[in-house]
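This report concerns only the one structure given below.
The values are calculated or read from the model by the stated rules, or taken from the named source; none is laboratory data. All figures in this text were calculated on a predicted structure; none of them were measured in a lab. In this analysis, Cβ positions are derived from the backbone assuming ideal geometry, glycine residues included, and neighbour counts consider all displayed protein chains. Areas reflect the complete protein model, heavy atoms only, side chains present, ligands, DNA and RNA absent. Shrake-Rupley method; radii C 1.70, N 1.55, O 1.52, S 1.80 Å.
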Amino acid sequence: IVIGVLATLVSVALGTLAAFAIGRYRYRGRATTNLLIFLPMATPEIVMGASLLTLFVRIPSLPMGSVTIFIAHVMFCLSFVIVTVKARLSSLDPRLEQAAMDLYADERTTFWRITFPQVLPGIVAASLLAFSLSFDDFIITNFNSGSTVTFPMFVWGAAQRGTPPQINVVGSLMFFIALAVVIVGQVINSRRSKTP
């Protein structure tokens, strides 16, 4: 859970900045950047895990363990975050920002009062997606874990001897947390639609 939360925070921060750069600015190599973003999503996990293992082995000062798992998770979650936030950015109406600036709002105020609240659902969706991908990953983690055991690796090892009760507890907990997030989101949306 700790690795999943940390990987989510870092990948969402970097991915949101990258999505704004790609979605809002024109620069040389933009098409190549878009291609490189989709590459980790299209690459089989076993290939990505093996290639990251090759990279980490060539760095002798970096021991295999929690740090390599964290770096690997950030690397493959980053693409999903960029694509999710960029999709939200592309659906925004630029006239709202122009109207705010016409009403004498500076760029910082326009960003925090107009742009960020509209992009926030995409950032939240990217966060949930990144955490679920990181928490659930087995193949890439198995390549880069060293002696560290994450929950999916514990489940894989325990399933060979029988299912321990911890697996059912964590599975139920994750299900009810996801259900609570969906219910809270629906309640907030229904309240917003009822307010005049």
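GNM on the chain, C-alpha springs below 10 Å: top fluctuator among Ile22, Ile82, Ile69?
Ile22
Taking only C-alpha pairs under 8 Å that are 6+ residues apart, what is the relative contact order of the chain in percent?
Averaging sequence separation for qualifying contacts and normalising by length gives 32 percent for the chain.
Under a 1.4 Å probe, what is the accessible area of the chain per residue, stated in Å²?
64
Just to confirm the number: angle between the C-alpha axis of helix 165-194 and the first principal axis of the chain, 0 to 90 degrees, nearest 10?
10
Would you look at the GNM of the chain, springs on alpha carbons closer than 10 Å, and say which of Ala105, Ala19, Ala87 moves the most?
Its mean-square fluctuation being the largest, the pick is Ala105.
Given Cβ point charges of +1 (Lys, Arg) and -1 (Asp, Glu) and nothing else, what value in debye, to the nearest 20, does the dipole of the range 1-142 about its Cα centre take?
360
What area, in nm² and to one decimal, does the C-alpha convex hull of the chain cast on average over all directions?
For the Cα atoms of the chain, the hull's average projected area reads 14.8 nm².
Measure nothing fancy, just the Cα-based angle from helix 116-136's long axis to the longest principal axis of the chain, in degrees from 0 to 90, nearest 10.
The answer is roughly 10 degrees.
Pick out which of Val57, Val47, Val184 has the largest mean-square fluctuation in a Gaussian network model of the chain, springs linking Cα atoms closer than 10 Å.
Maximum among the listed residues: Val184.
In the chain, carbon and sulfur make up what percent of the accessible area (probe 1.4 Å)?
Roughly 69 percent, rounded to a whole number.
Using alpha carbons only, how many angstrom separate the centre of the range 1-31 from the centre of the range 90-144?
A separation of 10 Å, based on Cα centres.
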